[in-house]
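Remarks on the structure that follows.
The values are calculated or read from the model by the stated rules, or taken from the named source; none is laboratory data. These numbers come from a predicted model, not from an experiment. Every residue, glycine among them, receives a Cβ derived from its backbone with ideal geometry; neighbour counts consider all protein chains shown.
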Amino acid sequence: MATLNTMLDVKPIKQTTDWSCWAAAAAMLVSWKKGRAYSELEVATMAGPQYVSLFKNATGLSGPQFADFASRLGMGVEAPQNFTPQGYESLLKKHGPLWIAAGLDAGGLRRHIRVLRGVVGDGTFDNTKAYILDPADGKDYQSTMTQFAKELEVIARQEIDADQDLYTQVIHYG
């Protein structure tokens, strides 16, 4: 396996409400892309009045809203899938940091949005680390790609079990 060593300098942003991870994660991507700090409210405003309302009402973003939100910010989405460590590294190199929707809570279809900013390791799931910014606490942490992949698959399994459409989980610039 090839060695992976991609790390992006992305400043963490802590979400201001329990349900604003989507806005904080987007603010991290916009800030990285534009080279200056953006707030959650500024990013929601850039996306349009319905997103300002969601943010001000401390409401989460639902799966069907992900693609529209991304488009309004000039971002693209990946089709629902889980990538290999090499696939994530390729996306990071091509597009910059990735807005990632994962299922971290037991039960329900609640998603939590985080930012993938790096992958480092030998290219295997067990020996490659994902470097993740979590807006819940505004901190940078590491996870094996095995654990990272499992967290993304939680949402897909729940959507399939509920006979719902699969929604994008990866948003990026480019």
**OP:** Can you tell me which residue among L91, L133, L61 is in a strand (DSSP E or B) and within 13 Å of the chain's Cα centre (by Cα)?
**Re:** L133
Subject >> Meets criteria (surrounded by fewer than 16 Cβ atoms within 10 Å (Cβ to Cβ) and either touching a strand residue (DSSP E or B) at 6+ places or on another chain (Cβ under 8 Å) or part of a loop (DSSP other than H, G, I, E, B) (or both)) for K33 >> reply: no
Subject >> Condition broken by A102, with the remaining ones in (1) in contact with a helix residue (DSSP H, G or I) (Cβ under 7 Å, 6 or more places away or on another chain); (2) modelled with pLDDT of 95 or more; (3) of a type in the set (G, A, S) satisfied >> reply: (2)
Original post:
Any residue at all in region 91-112 that is within 17 Å of D134 (Cβ to Cβ), in contact (Cβ under 8 Å) with a residue 40 or more places away in the chain and surrounded by fewer than 18 Cβ atoms within 10 Å (Cβ to Cβ)?
Top reply: yes
Subject >> Options A162, A156; residue that is more than 12 Å from the chain's Cα centre (by Cα) and either closer than 29 Å to M46 by Cα or in contact (Cβ under 8 Å) with a residue 60 or more places away in the chain (or both) >> reply: A156
